[in-house]
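Report on the structure given below.
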């Protein structure tokens, strides 16, 4: 059996394609509102989020048979909080400017319901190996949405990409004006709504084949 037909592949791709935590489940919207005005902070947050959710899934899965059910939420929070603190300290040590740009939103990964949801719904009842794939899939599913949103917000709202101006000055001289709404909360909801519509349209088209 090829990897593409394996249970691991299905577990990995499910949250990216069919059950995306943002565009389908509408979770983790706060960070999408806060950090997606630029691409670089969005990429760093995606990497931090993916690392935390993957490692927390694996650790909680390893401990699943020894965690008392009445304190499982507390144990999950301790594991997640420890990993978030570690990620935050690493960013401050090696990417201080980006850490400042992300402000409190790395720390707020602790409260991200995607991570707690996967710990409860998957890691507590599956092996560490499968929990790793679930964590990777959910992290990348979350990440691809915020990066797509950040791409269009930075391009349309600021005329730049990766902090570099890409809209030529002569375009502005001809009367072009950046779309200020893309730097505000409504811009995020518009983009996520369009992305959700596109995903559903592609799924419907694929289902008719």
Cα gyration tensor shape for the stretch 78-157, rounded if a/c is under 1.5, else prolate or oblate: oblate
Suppose we take every Cα in the stretch 1-114 and form the convex hull; what volume per residue is that in Å³? 135
Between 48, 196, 25, where does the largest GNM mean-square fluctuation fall for the chain, given springs only between Cα atoms within less than 10 Å? 25
For the chain, what relative contact order do you get, as a whole percent, if you take Cα pairs closer than 8 Å and at least 6 residues apart? 34
Out of 146, 59, 67, any idea which swings most in a Gaussian network model of the chain, alpha carbons joined below 10 Å? 67
Can you tell me which of 147, 85, 74 moves the most in a GNM of the chain? Springs connect C-alpha atoms under 10 Å apart. 74
Report the Stokes-Einstein translational diffusion coefficient (µm² s⁻¹, integer) for the stretch 136-200, Rh taken as the Kirkwood radius over Cα pairs, at 25 °C with viscosity 0.890 mPa s. 190
Using only the alpha-carbon atoms of the chain, report the extent along each of the three principal axes, biggest first, to the nearest angstrom. 66, 51, 29
Counting only helical runs of four or more DSSP H residues, what would the 222 nm mean residue ellipticity of the chain come to if each run contributes -39,500 (n - 2.57) and the total is spread over all its residues? -21500 deg cm²/dmol
Roughly how large, in nm² to one decimal, is the mean projection of the convex hull of the alpha-carbon atoms in the stretch 47-118? 4.6
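Computed from the coordinates by the stated procedures, all read-outs in this text should not be read as laboratory data. Remember, it's a predicted structure, so these values are computed and weren't measured experimentally.
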